[in-house]
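The values are calculated or read from the model by the stated rules, or taken from the named source; none is laboratory data. Since the structure is predicted, the reported quantities are computational estimates derived from the model, not experimental observations. Here the Cβ is made from the backbone with ideal geometry for all residues, glycine too, and neighbour counts use every protein chain on show.
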């Protein structure tokens with residue numbers, strides 16, 4: 001599925017309900033990997049994954065070989081989310097009232113997601129023996 005925009009909603013910390021729309025942002029390639037996004041009152045939370053089901057060995061290999069450092073160097077906080085079926089990460093960054101600032105951060109993030117996921121999928125090729133548990 002091809003995405004052209006993402007909508008950022010504010011999530012109430014106490015109820016967990018989405019309470020209002022903060023903005024709609026045109027985005028680039030990589031947005032198809034975003035599974036959910038919201039503002040929690042402190043940070044924008046963006047969850048992304050491989051956008052495809054992976055085998056057990058691929059799950060471990062992807063987490064091992066994924067370059068989270070690129071996200072940190074670009075100013076994002078990133079952590080693995082191991083409670084999901086497929087490799088998933090949570091990226092957090094500061095919200096800004098200025099629409100263009102958030103749009104720039106989201107587009108930079110989408111590009112980073114796209115290149116990082118593509119790279120790790122190539123990097124795990126041929127590593128099945130190394131990661132397969134017998």
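For the stretch 45-56: of the residues being touching a helix residue (DSSP H, G or I) at 6+ places or on another chain (Cβ under 7 Å) and modelled with pLDDT of 95 or more, which is surrounded by the fewest Cβ atoms within 10 Å (Cβ to Cβ)? By that ranking, first place goes to 50.
Filtering the stretch 63-77 for residues that are surrounded by fewer than 15 Cβ atoms within 10 Å (Cβ to Cβ), in a strand (DSSP E or B) and in contact with a strand residue (DSSP E or B) (Cβ under 7 Å, 6 or more places away or on another chain) leaves a non-empty set. Considering (1) over 13 Å from the mean Cα position of the chain (by Cα); (2) more than 17 Å from residue 120 (Cα to Cα); (3) at pLDDT 95 or above, the lone condition that residue 37 does not fulfil carries the number (1).
Selection over the stretch 116-134 of residues that are within 19 Å of residue 28 (Cα to Cα) and without any contact (Cβ under 8 Å) to a residue 60 or more places away in the chain gives a count of 3. Here residue 83 clears all of (1) assigned to a loop (DSSP other than H, G, I, E, B); (2) within 26 Å of residue 101 (Cβ to Cβ) except the condition numbered (2).
Within the stretch 1-18, the residues that satisfy the criterion of being assigned to a strand (DSSP E or B) and loosely packed, with under 13 Cβ neighbours inside 10 Å are 5, 7. Of the set (1) without any contact (Cβ under 8 Å) to a residue 60 or more places away in the chain; (2) more than 13 Å from residue 91 (Cβ to Cβ), all apply to residue 62 but (1). Being without any contact (Cβ under 8 Å) to a residue 60 or more places away in the chain, in contact with a strand residue (DSSP E or B) (Cβ under 6 Å, 6 or more places away or on another chain), crowded, with 17+ Cβ neighbours inside 10 Å and farther than 15 Å from residue 78 by Cα is the requirement here; does residue 25 meet it? Against the criterion (without any contact (Cβ under 8 Å) to a residue 60 or more places away in the chain, in contact with a strand residue (DSSP E or B) (Cβ under 6 Å, 6 or more places away or on another chain), crowded, with 17+ Cβ neighbours inside 10 Å and farther than 15 Å from residue 78 by Cα), residue 25 does not qualify. The selection criterion, being farther than 12 Å from residue 61 by Cα and in contact (Cβ under 8 Å) with a residue 40 or more places away in the chain, holds for residue 95. For residue 102, the conditions (1) touching a residue at least 60 places away in the same chain (Cβ under 8 Å); (2) crowded, with 17+ Cβ neighbours inside 10 Å; (3) touching a helix residue (DSSP H, G or I) at 6+ places or on another chain (Cβ under 9 Å) all hold with the exception of (3).
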